[in-house]
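These notes concern the structure reproduced below.
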Amino acid sequence: MNTIFFRIYLVLFAFTTQLLFAQEYPGGLSDGTLDINGTNVPVKIYSTTEMGDLTAFPDRESDKSQSFVVILNESNFEPAYYNYGASTLAKYKDSQYQFFDKNFKLIDTGVTKENITTFKYAVKAVKPITDSDNVELKTSFKIWDPSKGIHIGSFTLHFYSLMFVFAFGFGYILMTRIFKIDNVNQKYLEPLFTWTLIGTILGARLGHVIFYQPELFKEDFWSVFLPISTKNGLKFTGFSGLASHGATIALIFTTLYYSFKIIKKNPFWVYDRLGIVVALGGAFVRMGNFFNSEIVGKPADPNSPFALLFPQQSSEYGLTVPRYPSQLFEAVGYVLLFILLWILYRKTDKKYQQGWLFGLFFIILWAIRFFVEFLKEPQGDEFIQIGGLNTGQVLSIPFMIAGVVIMIVSKKFKITEAENEKPE
């Protein structure tokens, strides 16, 4: 056990060290190399989702001997906004930039509505690149710039939505298995799924708006409750802001209703089992954040094995530079928590001490969130800050304390195996 804790301390120390020595990126530029026919050309890399900043970038150049690679974000070059995209590309062309597709093949045709989405890189090299040149961008960090979803005709199934489907789908399967193990009638499963879905989506959305974007109540009220935006015209956006703290609070209340009115069991009995499912679901949600390039980490040293560039990240997180994949750190933590809870549920009698598994779930889940927050960029306005801790960390502390209290009082709620199987 001491060896395990020692390894944990080493990992935390490594994260802290990486954070302390994180590199600054003046002007949002990171370093890379263009391999042109085997010759390495040093370049500065720039990317942004802000159209205004992207259009203004050619005017910022001061060193005429420097080569640049600009990663063109697909959100800035949608056919629906063709005129804006075309004018930006025209400005880059006037500034002696050349355009390439995602495979670094030279695009020497004019821009049209049909081909504007193929423009992926704008390159300005000291020596112009020809169509016969073999070009490759090399960096010490990885670049995470995936497709946003699976294209099915004119419809796109977003990976973020798919991760939610996985979270609830696997959660349903897992809870079905749990009810069978506990010999509980499956008729109680459907209402649990329904109330959990309502609590998660509504609570997570309200939690995000209340804790991080309260201005939406005035600026774009309907976007709080519906997956749309009414600013600058009606547009379907999906729910891009969901807070786990809000989901947790809502789930507490919806589960209380389910426990007292439907299954008629001690709420801690339900929480114990729901915590196992939520831990796994949380990992899928964070994977969805990873695909969406949101909830990104702080700038990382480009030579760090954790450094990732997110060209699709929102400007609300700051400059588009190599950062920590904090979503993956959190996802891995939740998977490990799920494995621990499942083993304790299956191999020990702790499930008969109602509240014990839930208390442990609360402590570890919010501890993971608390420590990963040190490597995260703020989400919206951090209106709660105490002693250098951000909003996410401050909100996590009461939950961790609640977990300790729940584990202590769980001694009063021990049941037998026969009592565990009621109702039939």
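The values are calculated or read from the model by the stated rules, or taken from the named source; none is laboratory data. These numbers were taken from a predicted model, which means no experiment stands behind them. A quick note on method: Cβ atoms are made from the backbone with ideal geometry, for glycine too, and the neighbour counts reach across all protein chains shown. Just the protein is used for accessible areas: all its heavy atoms, side chains included, with ligands, DNA and RNA removed. Shrake-Rupley method; radii C 1.70, N 1.55, O 1.52, S 1.80 Å.
Against the numbered list (1) surrounded by 13 or more Cβ atoms within 10 Å (Cβ to Cβ); (2) at pLDDT below 90; (3) part of a loop (DSSP other than H, G, I, E, B); (4) within 20 Å of the chain's Cα centre (by Cα), F168 comes up short only at (3).
Somewhere in segment 161-168, is a residue free of Cβ contacts under 8 Å to residues at least 40 places away in the same chain and in contact with a strand residue (DSSP E or B) (Cβ under 8 Å, 6 or more places away or on another chain)?
Step one: list which residues in segment 161-168 are free of Cβ contacts under 8 Å to residues at least 40 places away in the same chain, which gives 165.
Of the ones still in play, those that are also in contact with a strand residue (DSSP E or B) (Cβ under 8 Å, 6 or more places away or on another chain) are none.
Looking for residues that are free of Cβ contacts under 8 Å to residues at least 40 places away in the same chain and in contact with a strand residue (DSSP E or B) (Cβ under 8 Å, 6 or more places away or on another chain), one finds none in segment 161-168, hence no.
Restricting attention to segment 292-308, the residues that are open to solvent by less than 40 Å² (accessible area, probe 1.4 Å) and within 27 Å of A279 (Cα to Cα) total 7. Taking segment 269-284 as the range and being of a type outside the set (D, E) and either within 17 Å of I364 (Cβ to Cβ) or at pLDDT below 90 (or both) as the test, the residues that pass are Y271, R273, L274, G275, I276, V277, V278, A279, L280, G281, G282, A283. Of the residues examined, R286 is not one that is without any contact (Cβ under 8 Å) to a residue 60 or more places away in the chain and in contact with a Pro (Cβ under 9 Å, 6 or more places away or on another chain).
One line per residue, one yes/no per condition, for (1) among the hydroxyl-bearing types (S, T, Y); (2) within 16 Å of R369 (Cβ to Cβ); (3) in a loop (DSSP other than H, G, I, E, B):
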{"site": "W269", "(1), (2), (3)": "no, no, no"}
{"site": "N289", "(1), (2), (3)": "no, yes, no"}
{"site": "P305", "(1), (2), (3)": "no, no, yes"}
{"site": "V321", "(1), (2), (3)": "no, no, yes"}
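Within segment 105-128, the residues that satisfy the criterion of being part of a loop (DSSP other than H, G, I, E, B) and buried (at least 19 other Cβ atoms within 10 Å of the Cβ) are V111, F119, K120, A125. Just one of the listed residues (I262, I201) is β-branched (V, I, T), within 19 Å of the chain's Cα centre (by Cα) and either open to solvent by 40 Å² or more (accessible area, probe 1.4 Å) or at pLDDT below 90 (or both), and it is I201.
Considering only helices (runs of 4 or more DSSP H) fully contained in segment 327-422, which possess at least 2 residues that are in contact with a Lys or Arg (Cβ under 8 Å, 6 or more places away or on another chain) and surrounded by 14 or more Cβ atoms within 10 Å (Cβ to Cβ)?
356-372, 391-409
The set of residues in segment 129-154 being open to solvent by 40 Å² or more (accessible area, probe 1.4 Å) and touching a residue at least 40 places away in the same chain (Cβ under 8 Å) consists of N134, E136, K138, T139, S140, K142, I143, W144, D145, K148.
In the condition set (1) under 20 Å from W144 (Cα atoms); (2) surrounded by 18 or more Cβ atoms within 10 Å (Cβ to Cβ), Q98 is compliant with all but (1). I339 falls short on exactly one of the conditions (1) of a type in the set (V, I, T); (2) over 20 Å from T48 (Cβ atoms); (3) touching a residue at least 60 places away in the same chain (Cβ under 8 Å), and that condition is (3).
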